[in-house]
Amino acid sequence: DTGVSQNPRHKITKRGQNVTFRCDPISEHNRLYWYRQTLGQGPEFLTYFQNEAQLEKSRLLSDRFSAERPKGSFSTLEIQRTEQGDSAMYLCASSLLWTGAKNTEAFFGQGTRLTVV
Amino acid sequence: DAKTTQPPSMDCAEGRAANLPCNHSTISGNEYVYWYRQIHSQGPQYIIHGLKNNETNEMASLIITEDRKSSTLILPHATLRDTAVYYCIVTYTGNQFYFGTGTSLTVIP
């Protein structure tokens, strides 16, 4: 088990371009979460999946953002027409179905740092 | 989910216990208290969580007051590698966490 893997680790893009990030969760984890973190702030929730179903989306997830988890395994987060305000660390996490019991906590990846110039 | 209040920063001498407080006065009966930490430029790392009882694992201890309105994370013997931002989170769904700005702990040699 190699933990939650995110690619790429860093991405620099020009304003207006589209970008896509990938997250590979811990195998057998049926929940997958996306968070965004800007400098000096804690991570902010964007959305989460249970298997392939996207069950909750934050108001932060504007219509330029789309996330998918087509086969209930890896997930992608796409940002269309990037803006400078999209510059942030995008974090992915995964967990078993949460019950509050031990071993249902979320494990985070190292994140993808996006810089929009 | 209830919100939490944490001091913005704390220092601790290496080898001493680090006691990080968290206020969650509006917590409801079925909300859990989670602690995560984030070392610079890395993803958050799970530390410990609890509902009502005190908890201990290989990383830390969690002390929850009887009225559950506050808790303390204890790192028994702080090392330089424990320098990080520590987040206290309460949740009853586990669907999303509100991290806030956390406590920046600096362990001093």
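The values are calculated or read from the model by the stated rules, or taken from the named source; none is laboratory data. The model shown is predicted, which means the values in this text are computed figures rather than measured ones. A quick note on method: Cβ atoms are made from the backbone with ideal geometry, for glycine too, and the neighbour counts reach across all protein chains shown.
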Scan B:Arg16, B:Arg37, B:Arg81 and give me the residue that is modelled with pLDDT of 95 or more, basic (Lys, Arg), under 21 Å from A:Gly109 (Cα atoms) and more than 11 Å from the chain's Cα centre (by Cα).
-> B:Arg81
Quick one: how many residues across region B:28-47 are over 27 Å from A:Arg9 (Cα atoms), touching a Ser or Thr at 6+ places or on another chain (Cβ under 8 Å) and not in a strand (DSSP E or B)?
-> 1
Of all residues in region B:24-47 being surrounded by fewer than 16 Cβ atoms within 10 Å (Cβ to Cβ) and in contact (Cβ under 8 Å) with a residue 40 or more places away in the chain, the one that is nearest to A:Gly3 (Cα to Cα) = B:Ile39
Over region A:108-117, the set of residues buried (at least 19 other Cβ atoms within 10 Å of the Cβ) and not hydroxyl-bearing (Ser, Thr, Tyr) is A:Phe108, A:Gly109, A:Gly111, A:Leu114, A:Val116
Could you check, for region A:26-37, whether at least one of its residues is assigned to a strand (DSSP E or B), of a type in the set (Lys, Arg) and over 13 Å from A:Ile79 (Cβ atoms)?
-> yes
Counted residues, region A:21-67 - those being under 23 Å from B:Pro44 (Cβ atoms), hydroxyl-bearing (Ser, Thr, Tyr) and in contact with an Asp or Glu (Cβ under 9 Å, 6 or more places away or on another chain) = 6
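When you scan region B:48-109 for strands (runs of 3 or more DSSP E) that lie fully inside it, which ones turn up with 3 or more residues that are facing chain A (nearest Cβ under 9 Å) and surrounded by 13 or more Cβ atoms within 10 Å (Cβ to Cβ)?
B:84-91
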A:Leu55 exposed (fewer than 13 other Cβ atoms within 10 Å of the Cβ) and either in contact (Cβ under 8 Å) with a residue 40 or more places away in the chain or part of a strand (DSSP E or B) (or both) = yes
Going through (1) assigned to a strand (DSSP E or B); (2) within 14 Å of another protein chain (Cβ to nearest Cβ) one by one, A:Gly40 fails only at (1)
Pick from region A:66-117, criterion in a loop (DSSP other than H, G, I, E, B) and among the acidic types (Asp, Glu), ranking: nearest to the other protein chains (Cβ to nearest Cβ) | A:Glu105
Exactly one condition in (1) modelled with pLDDT of 95 or more; (2) out of contact with any His (no Cβ under 8 Å at 6 or more places or on another chain) is not met by A:Leu97; state its number.
-> (1)
